[in-house]
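These notes concern the structure reproduced below.
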Amino acid sequence: MKNIQIRFICLAAAFMLLFSGCKKILEEQPRSIYTPEFFKTEKGVLGGITSQYAHLRFIYGQPYYFNSLETGTDEYTYGQSADANQRDLDYSGVGNLTGATSRSDVLWGVAFSNINTASGIIENGGAVGVSAALIAEARFFRAFDYFMLVQTFGGVPLDLGAGELKFNTTPSRVSVRNTVAEVYTKGVFPDLIQAIDELPVAGRVTGGVTKTAARLYLSKAYLSYGWWLQNPNNIPTYPEVTRTDPDGHDATWYFQRSYDIAIEAIDNPGPFGLADFFYDVHAGGNDRNKEMVLYADHTEQSEFYNGSPLTGFQSEVGNDGRNSAVWFVTCNYTVLTSAVNPDGTGASVSSVQREAIQPLGRPYIRMAPPIGVFTNTFAEKTLDSRYDGTFSTVYRGNWNKGGNNTPTLYNANDMAVTPGSAILSFLEYDAQAVGIVYPAGQRFPGKSSNNVGAGQLPGRADFVIAPSGISRIIFPGLWKMGVYRTGNVGLGEPNAPSTRPFKIAKFSELYLIAAEAAVKGATPAAGKSARDLVNVLRARAGKWKFSNKNNAVFAADNSVAVTTATPAIIDINYILAERSREYFGEGLRWFDLVRTQKWNELAGSYTICGATYGNHTPQTITRTIQPFHYLRPVPQGQLDGMDMTTAEKAAYQNPGYQ
C-alpha cells in the first residue's frame, strides 16, 4: 500500500522522544530523516512512541474529519456557508459522497501510518531495552487506530506489505482487506487485552495512556463487535462474510464482556473519575481534568507543541495538527448590530465582535444543529445543566474591547445596552416566545439594530430567537469546545486555531457503555443496572455551579428531580439520547448511530429554518440514508496509489461507492 508507507515516513519523521527521570511531559523534536533502521535503536523506538500521541492531533480537531462524524446525524446538518464537504454528508439531496469527496480520508491516511509505526515499536522495542509498559502504549494505539478504521470502513488490511500486523519497510502497491471479524479478533482485542495487563494505572506522562484507557476501548470494542454480530437491521458488511465469530462466541458473550470490563474500570479508576459538575468537564482552563482519559493535546505555550500557529489569521484547510473544528459550528454572531441613538436609528455598531473567548470564537457557519436538538435531545433545560454547559445561547456586547468606547448602545425595543449586556439570546422553550415579533428581514423598519432577523419580546433589551426559529444561518454555538486562551488583550487571537486539547474519551463513557451492554442483555451487577448507571451521570447533570446563560455563579442541586425523571425501563434510544446530552458535538454521534443501526430511524429527517436572516419558518427535510451508507468509502487517493486492475480496485471499494 504505497500511500501507507509514504505517510508513515512523513509523519514519523516529525517526532522523537527524550526521556529523563524528572520529565513528565512528552517532548517532540523534528528530524530531517527517520528511517525504519532507526527503530533498531532505543532512541528511535522512544521517538516512535511519542509519535503515537502526536498523531492524534492530525485526526481530532481537524475540521473536515470532525464534519464527517457529525453532519448527517441528528446533531448537525449543513449550515448556510457549507460547501460540498458538508452537503455531501447530509444525504438530503444536496450532495453525493464518493471516495473522492469523503473526508474520512483524514483517518485512513493518518491511522495506517501510525499503525505501521506502532508495529515497528512492538517488534523492536524489547530488543533495544524498552520496557513492556512502554511497548504497551504502542499496542494501545495500534488497537485504537484499527478500531476507528473498522467502525468507519468495515474490514481493512492487517497486512501492510510485510505480513499481518508486521512492520513494513518496503512500499507495497497491493492490498487485501481483512474481514471485520478478523480486524477485531486479531487487530483490536489482543493488543488491548495485553495493554490492560502492561500499562500503568497512572499515566507515565500527563495525558499518557493507562489501564483505564485500554479498558474503556476494549469494552467499547466488545460492545461494537457484539452489535456487528447481532446485526438487528440487516446492514451489509464488507468484505462480505457470514457474521460468525472466529472464537466461537455469540453477541451476548461480547455484550457481557463489554459490561464486565467497563464495570472493572469504574471500580478501579486509578487517578480518573467523574468531575463534580458537568460544567467543570468543559470549562476552559480545566481541560486536563480527572475525567479526561484520552485527548489530542495542544498548548498556547509553543507552536511546535501546539501543532499549529498560535497567532494570526489561519485557514482551516490542511491537516497539520491544528484544532479548528469548532469554527465550523459557530454562527456569524459578528453581524449583530446595535444603534447609537435612543430611538434605534443612526449608525449601526457591531456590538458583538469576534473574540477569543469560549462563548464566541471564529465563525464559519458550515454546520448547524437542527431544531430537534433543542426540542427533543435537550428538551429539559432548567433542571439538567448539560444544555447550559454545551451551548453558547447568549451573545453579549463587547464593542469596547474592539476599541469603541461608546458607553451605551440601543438594542431591542430601543432599550439601552452596555458592554456585557445580552445582545442576542436563544430562548430555552417555545413557550417563552409568546408575543414574539420577528422582522420581515434582517431589521425592523427604520432601525439600525439587529441585522440577523431576530425577534423582540416586550420589556427585553436583547433580541431573541425561539427554538423553533433556529436556522441554518443563526443558531447557538458549541460552548463546550469554544476557544480558551490566557492573557487576552482586547479581542485576543480569535482567528488562530484553538490551543485547547481536543477531548477524545472520558471516564463518564464507561457508565454509558456498561448501560448499553446491559440493555443488550448483559447480566448486571447489584446496584449497577442500566438505569443505575445512567442515573450516576444524570445526578451529576442536575448539579449546577455556574450559569453560562446568565454568565454568573449559580448553585443548585436538582439531582433528585433529574434522576427521578429517568424511565424505569431504559432502552437503546434512551441510551443514545443520554449519549448525545453528554457528548453532543464531540465527534461520537455518527459512530453511535452506526453501531446501534439507529441512524436512519433517528436522523432520517430533521427540521430547521432556512439559510437567510429573518427566516423562522421550520422546514422538515428528509434524508435518504441507505444501508451501504453505514460504511464510508475507501479514499480515492488510496485506490489511485495501488498497482491493481480496475476490477480489483472496484472490488476493494465498499459497495455503493464504485
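Checking a compactness column here: for segment 189-328, what do you get for Rg(Cα) / (2.2 N^0.38 Å), N being the number of residues? Provide the component values of the computation, followed by the final result.
Working: Rg = 19.3 Å, N = 140, 2.2 N^0.38 = 14.4 Å.
Compactness ratio reported: 1.34.
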Self-check item: Under the Debye formula (equal points on every Cα, no solvent term), log10 I(q)/I(0) of segment 94-143 at q = 0.25, 0.31 Å⁻¹
Solution: -0.87, -1.08
Quiz item: Just the Cα atoms of segment 442-498, one point each, no solvent: what log10 I(q)/I(0) does Debye give at q = 0.24 Å⁻¹?
Solution: -0.99
Exercise. Quote the FRET efficiency, to the nearest 0.05, computed for residue 545 versus residue 429 with a Förster distance R0 of 30 Å and r equal to the Cβ-Cβ distance.
Key: 0.85
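Name the GluC sites (Glu not before Pro) in segment 167-258 that are in a loop by DSSP and that have at most 15 other C-beta atoms within 10 Å, would you? Please list the in-between numbers first.
Details: sites: 182, 198, 240; in loops: 240.
When the GluC sites (Glu not before Pro) of segment 167-258 are filtered for loop state and at most 15 Cβ neighbours within 10 Å, 240 remain.
Rank-order 311-317, 373-379 by packing density, defined as the average count of other C-beta atoms within 10 Å over each peptide's residues, highest first. Can you show the working numbers first?
On the way: 311-317: 11.9, 373-379: 20.0.
Result, highest mean Cβ count within 10 Å first: 373-379, 311-317.
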Practice problem: Could you check the simple spin-label distance between residue 133 and residue 440, using points 7 Å along Cα→Cβ, in nm with one decimal? | Solution: 7.3 nm
Self-check item: C-alpha long axis of helix 132-153 to longest principal axis of the chain, angle in °
Solution: 70 degrees
Practice problem: Give the calculated FRET efficiency between residue 401 and residue 169 to the nearest 0.05, with a Förster radius of 60 Å applied to their Cβ-Cβ distance. | Solution: 0.65
Practice problem: Compute the long axis of helix 530-541 from its Cα atoms, compare it with the longest principal axis of the Cα atoms of the chain, and write down the angle in degrees, 0 to 90, nearest 10. | Solution: 50 degrees
Quiz item: Just from the alpha-carbon atoms, what are the Rg and Dmax of the chain in angstroms?
Solution: 25.0, 80
Quiz prompt | Sites residue 557 and residue 529, calculated FRET efficiency, Cβ-Cβ separation with R0 22 Å, nearest 0.05 | solution = 0.40
Practice problem: Could you work out how far helix 572-583 tilts from the main Cα principal axis of the chain, as a 0 to 90 degree angle to the nearest 10? | Solution: 70 degrees
Practice problem: Between the alpha-carbon centers of segment 414-449 and segment 167-238, tell me the distance in whole angstrom. | Solution: 50 Å
Exercise. Determine which aspartates and glutamates satisfy two conditions relative to residue 43: a Cα distance under 14 Å, and not lying fewer than 8 residues away in the same chain.
Key: 27, 28
Self-check item: Equivalent-ellipsoid semi-axes of segment 354-476, from the Cα gyration tensor, Å, largest first
Solution: 23, 18, 14
Quiz item: What fraction of the Cα pairs in segment 154-223, stated in percent, has a spacing above 17 angstrom?
Solution: 53 percent
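Quick note: the coordinates plus some simple rules give every number you see, no bench work behind them. Note that the structure is predicted; figures quoted are calculated from it, not measured. Reconstructed Cβ throughout: ideal geometry from the backbone, glycine too, with neighbour counts over all protein chains shown.
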